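S.K.: Starting off with a structure, shown below.
Taken together, the values in this text are just the output of simple stated rules run on the coordinates, not laboratory data. Since this is a predicted model, take the numbers as computed values, not measurements. Using ideal geometry, Cβ is built from the backbone for each residue, glycine included, and neighbour counts are taken over all protein chains shown.
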Amino acid sequence: MNVHNPSRLRLGVNIDHVATIRNARGGMHPDPARAAQIVAQAGGDGITVHLREDRRHIRDEDLFRVFEATGLPINLEMAATDEMLEIALRHAPHAACIVPERREERTTEGGLDAAGQHNRLAPIVARLTDAGIRVSLFIAPEPRQIEAAMKLGAPVVEFHTGEYAHAEGEQVQHELRRIVDMAALAAKNGIEPHAGHGLTYDNVQPIAAIPQLAELNIGHYLIGEAIFCGLDASVKKMRALMDEVR
Ligand code: PXP
C-alpha cells in the first residue's frame with residue numbers, strides 16, 4: 001500500500017461491518033463494494049476484509065466485487081486454515097494477515113500465537129509468500145512473537161492494540177509503551193510493523209505517532225461513526241488525526 005512514501009502512515013479501512021449491517025436483512029444493501037469506493041475517494045490507502053469461518057460479515061461472493069471495486073490494495077484477514085489458504089491463493093490479495101479465529105468470539109480477541117504454532121503456520125506463510133502475497137501476522141506486542149515472525153519469514157507484523165484501547169488510567173501508558181518498544185524491535189529486525197484493533201478518534205494519535213509503524217487497520221469505529229457522519233467524513237477525520245502526528 002502506498003509503499004513509495006515511507007513516512008506516510010497508511011490507513012487500511014476494514015469494511016467488514018458494512019457487511020454485518022447488510023446481512024442483518026439479507027439482500028445487497030449496504031454494499032461493501034460501494035463502501036470500498038468511498039474509502040478510496042476519502043483517502044484510505046487500503047481495504048481490509050476478514051472472511052471468517054462462519055461468514056458472519058464478508059462472504060465469499062463479496063470478495064471478487066470488493067477486490068474489483070477500487071485500485072486499492074486489499075488486505076485479506078484470514079485464519080490459518082487450508083480453506084482460507086485456498087481462497088487467498090485464488091484471489092491473490094496484496095496482503096494476507098493471519099489472525100487467530102474461534103467461531104464463538106465476537107471479534108478477534110487476542111493475537112496469534114506465532115511462537116506456539118510455528119509448524120502449522122510455516123507452510124501457510126510459505127505458500128502465500130510464494131504466490132507473491134505479503135504476509136502479516138496479527139500478534140500481541142511481545143518479543144517472543146516478533147522472534148517467531150522472524151523465524152517464519154513474515155515481512156510484516158500487525159500489533160493487536162486491543163489491550164491498549166481497553167486500558168484505563170496508568171495502564172494506558174504501560175500498554176502504549178509495549179507497542180512503542182515492539183515497533184522499534186520489529187523494525188530493527190527488518191519486519192514492517194502495523195497496528196490495529198479498537199482504534200478510535202480518541203486513542204489513535206499516540207499510536208499513529210510511533211515512527212516505525214507503517215500502517216493502521218481500523219474498522220468498527222469508522223463504520224460506526226459513518227452512521228452519524230457518513231463514511232467519507234469518518235475516514236477523512238481519521239486520516240487527518242493520523243496526519244497531525246506525523
Ligand atoms: N486488524 C485486525 C487483524 C483485525 O482482526 C481487526 C478486527 O477485525 C482490525 C484490525 C480492526 O479492528 P477494529 O474493527 O476494532 O477497528
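S.K.: Would you work out the relative contact order for the stretch 94-210, in percent, from Cα pairs under 8 angstrom that are 6 or more residues apart?
M.R.: Working: 172 pairs, mean separation 28.2, N = 117.
Across the stretch 94-210, relative contact order equals 24 percent.
S.K.: Once you charge only the Cβ atoms, +1 for Lys and Arg and -1 for Asp and Glu, what is the size of the charge dipole of the chain about its Cα centre, to the nearest 20 debye?
M.R.: Working: 26 positive and 34 negative charges, 87 e Å.
That gives a dipole near 420 debye.
S.K.: Still on this structure, please answer the following. How high is the relative contact order of the chain? Use alpha-carbon pairs under 8 Å, at least six apart in sequence, and give a whole percent.
M.R.: Details: 457 pairs, mean separation 50.3, N = 246.
Worked out over the chain, it gives 20 percent.
S.K.: Oh, and also: Just to confirm a number: summing +1 for Lys and Arg and -1 for Asp and Glu over residues other than Glu175 whose beta-carbon lies under 14 angstrom from that of Glu175, what do you get?
M.R.: Numbers: positive: Arg177, Arg178; negative: Glu142, Glu163, Glu168, Glu170, Asp181.
Charge balance in the 14 Å sphere: -3.
S.K.: Here is a follow-up. What is the distance, in nm, between label points placed 7 Å from the Cα along the Cα-to-Cβ direction at Arg177 and at Asp202?
M.R.: In this crude spin-label approximation the distance works out to 2.3 nm.
S.K.: Sorted by mean Cβ packing within 10 Å, highest first, what order do the peptides 218-227, 38-47 take?
M.R.: On the way: 218-227: 19.2, 38-47: 21.6.
For the peptides 218-227, 38-47, the packing ranking is 38-47, 218-227.
S.K.: While we're here: Can you order the peptides 129-136, 165-172 by their average number of other Cβ atoms within 10 Å per residue, highest first? Provide the component values of the computation, followed by the final result.
M.R.: Values: 129-136: 17.1, 165-172: 12.1.
The peptides rank, most packed first, as 129-136, 165-172.
S.K.: Right, next: Which listed residue (Gln171, Pro123, Asn189) has the Cα farthest towards the positive end of the charge dipole for the stretch 108-246, taking +1 on Lys and Arg C-beta and -1 on Asp and Glu C-beta about the Cα centre?
M.R.: Most positive-ward Cα: Pro123.
S.K.: Send over the per residue convex hull volume for the stretch 1-86, Cα only, as a whole number of Å³.
M.R.: Numbers: hull volume 8.6 nm³, N = 86.
Value for the stretch 1-86: 100 Å³ per residue.
S.K.: While we're on this one: Can you list, bin by bin at 5 Å, the percent of alpha carbon pairs in the stretch 200-245, starting at 0?
M.R.: Each 5 Å bin holds this share of Cα pairs: 5, 22, 34, 22, 12, 4, 1.
S.K.: Moving on to the next point. Cα centroids of the stretch 221-246 and the stretch 119-162: how far apart, whole angstrom?
M.R.: Here the two parts' Cα centres lie 28 Å apart.
S.K.: Also: For q values of 0.07 Å⁻¹, compute log₁₀ I(q)/I(0) with the Debye formula on a Cα-only model of the chain, without solvent.
M.R.: Taking Cα atoms of the chain as identical point scatterers yields -0.20.
S.K.: While we're here: Once you have the Cα-Cα distance between Arg8 and Arg25, take 0.36 nm times their residue separation minus that, and quote the gain in nm to one decimal. Could the numbers behind the result be given before it?
M.R.: Details: separation 17, 0.36 × 17 = 6.12 nm, distance 3.85 nm.
Between Arg8 and Arg25, full extension yields an extra 2.3 nm.
S.K.: Put +1 on the Cβ of every Lys and Arg and -1 on every Asp and Glu Cβ in the chain; which of Met84, Ala40, Ser234 then has its Cα farthest towards the positive end of the dipole?
M.R.: The residue sitting farthest along the positive end of the dipole is Ala40.
S.K.: In straight Cα distance, which aspartates and glutamates are under 18 Å from Lys236, not counting same-chain residues fewer than 8 positions off?
M.R.: Qualifying aspartates and glutamates at Cα under 18 Å: Asp45, Asp202, Glu215, Glu225, Glu244.
S.K.: Can you spot the lysines whose alpha carbon is less than 30 Å from Lys151's alpha carbon? Ignore those fewer than 8 places along the same chain.
M.R.: Lys188
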